[in-house]
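Report on the structure given below.
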Amino acid sequence: MALVKPIIYQVVGYQNSGKTTFLLKLIQLLKSNNIKTVTIKHHGHGGCPDVAEQKDSYKHIDAGAAASLVEGEGRIVLQAEESDWGLEHQISLMSFFLPDVILIEGHKKQPYPKLLILRSEADFLLMEQLNNITAVIVWNYTLVEQVRENLNVPVFHISEQKAVIEISNHIKNLVFNRNEAKK
């Protein structure tokens, strides 16, 4: 069976804009529709992500191993040290799991289709800086029309369940069209 490239979709916005909360809802909805999803999260807080230092896998890394993988009852935890894990390397790694979709939280400047979350008018600069925006979520109802004047994409308020449903349907359509094209 030939490997099919996964659909890649980003959720971007500044820190504390609601990216993780939205992604959790999106993942649940995609899973309920039998869409196999993996995620990549950019750790944008500076420094290395936290790891459990008392665990053997950390001790292996600390001793100089390039990577350490722990498996138990079907769960795999992978830690790896590399000077530069670019997004393309991360996508290649996650593709091993044969997902239908790779959801990326962050990595704003990458060219993939993306949902942009804006907390305030001060965040509007992102609309100019980013490309391939397919939808926008705003925190303030007064921003909806302002965004629509700047971008010709669906715009939702953060409280609208419709946003998760529409983005999920968009991704499902991308998966369906990709699967039809490979036939």
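The values are calculated or read from the model by the stated rules, or taken from the named source; none is laboratory data. Bear in mind that the values here come from a model prediction, so they are computed numbers and not experimental data. Virtual Cβ from ideal backbone geometry, glycine too; neighbours counted across all protein chains shown. SASA here: full protein model, heavy atoms, side chains in, ligands and nucleic acids out. Shrake-Rupley method; radii C 1.70, N 1.55, O 1.52, S 1.80 Å.
Once divided by 2.2 N^0.38 Å, the Cα radius of gyration of the chain becomes 1.14. Summarising the amide proton neighbourhood of residue 7: residues at separation of 5 or more, or on other chains, whose placed amide H is nearer than 5 Å comprise 101, 102. Averaging over all projection directions, the Cα-based convex hull of region 83-133 occupies 4.6 nm² in the image plane. Could you give the angle, 0 to 90 degrees to the nearest 10, between helix 19-32's Cα long axis and the longest principal axis of the Cα atoms of the chain? Once rounded, the angle reads 80 degrees. For the chain, the per residue solvent-accessible surface stands at 63 Å², with DNA, RNA and ligands left out and a 1.4 Å probe. The order of the peptides 4-13, 108-117, 142-151, 84-93 by mean Cβ neighbours within 10 Å, most packed first, is 4-13, 108-117, 142-151, 84-93.
Across region 91-97, coupling constants 3J(HN,Hα) worked out from phi with the 6.51/-1.76/1.60 Karplus curve, θ = phi - 60°, read 5, 4, 4, 6, 5, 4, 7 Hz, and Gly and Pro carry x.
Could you list, in their original order, any pairs among 36/162; 162/182; 5/59; 25/183 whose Cα atoms are separated by more than 27 Å? It would help to have the intermediate numbers written out before the result.
Details: 36/162 21 Å; 162/182 30 Å; 5/59 35 Å; 25/183 31 Å.
Over 27 Å Cα-Cα: 162/182; 5/59; 25/183.
Rounded to the nearest Hz, the phi-derived 3J(HN,Hα) couplings of region 122-130 under the Karplus curve 6.51 cos²θ - 1.76 cosθ + 1.60 (θ = phi - 60°) are 4, 7, 4, 4, 4, 4, 7, 7, 9, where x marks glycine and proline.
Think of the chain as a dipole: +1 on every Lys or Arg Cβ, -1 on every Asp or Glu Cβ, centred on the Cα centre; then among 34, 78, 17, 34 lies furthest on the positive end.
Note on the chain: dipole from Cβ charges, positive end direction compared against 132, 181, 63; the farthest Cα belongs to 181.
Starting from the amide H of residue 138, placed 1.01 Å from N in the peptide plane, find each other amide H under 5 Å away whose residue is 5 or more places distant or on another chain. Under 5 Å from the amide H of residue 138: 118, 156, 157, 158.
Couplings 3J(HN,Hα) for region 133-138, derived from phi with the Karplus relation 6.51 cos²θ - 1.76 cosθ + 1.60 (θ = phi - 60°), are 6, 9, 6, 9, 10, 10 Hz, where x marks Gly and Pro.
Considering only DSSP beta bridges where both residues belong to the chain, give the percentage that are antiparallel (nearest 5).
On the way: 6 of 28 bridges.
Here the antiparallel bridges make up roughly 20 percent for the chain.
In whole percent, and with a 1.4 Å probe on the protein chains, what portion of the accessible area of region 102-172 is carbon and sulfur? Let's see the in-between values first.
Numbers: 1660 of 3490 Å².
Answer for region 102-172 is 48 percent, counting heavy atoms of protein chains only.
Can you compute the charge dipole magnitude of the chain about its Cα centre, using +1 on each Lys and Arg Cβ and -1 on each Asp and Glu Cβ, nothing else charged? Give it in debye, rounded to the nearest 20.
It works out to roughly 700 debye.
Close amide H contacts of residue 105 (hydrogens built in the peptide plane, cut-off under 5 Å, sequence separation of 5 or more or a different chain): 11, 40, 41, 42. With the cut-off at under 16 Å, measuring from each backbone N in region 121-142 to a point 7 Å along the Cα-to-Cβ line of residue 109 picks out 126-132.
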